[in-house]
Amino acid sequence: MLDKLGLSGLFGALLILAGIGVVAWNAPVVAAGLVLVLLGLALVVRRAAKSVMGMFGF
């Protein structure tokens, strides 16, 4: 998985986790909402990428 993400992807994932950690420290309910939004967004982006790759025949 690390070979697919690369260094910038790994750094981005760490920043997201750190940001959610900071929010969770002050407002756990808001942090839970942010996690759900990020997971939903990830699923939408994954499906869109799969669709585009399918259109190009990959």
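The values are calculated or read from the model by the stated rules, or taken from the named source; none is laboratory data. None of the values given here were measured: they were computed from a predicted structure. No Cβ is skipped: glycine too gets one built from the backbone with ideal geometry, and neighbour counts run over all protein chains shown.
Checked across the stretch 6-22, the condition of being modelled with pLDDT under 90, more than 14 Å from the chain's Cα centre (by Cα), in a helix (DSSP H, G or I) and of a type outside the set (S, T, N, Q) holds for at least one residue. For beta carbons closer than 8 Å, sequence separation of 6+ or different chains, a first residue in the stretch 36-57 that is closer than 16 Å to residue 16 by Cβ and a second that is in a helix (DSSP H, G or I), the qualifying pairs are 38/16; 38/20.
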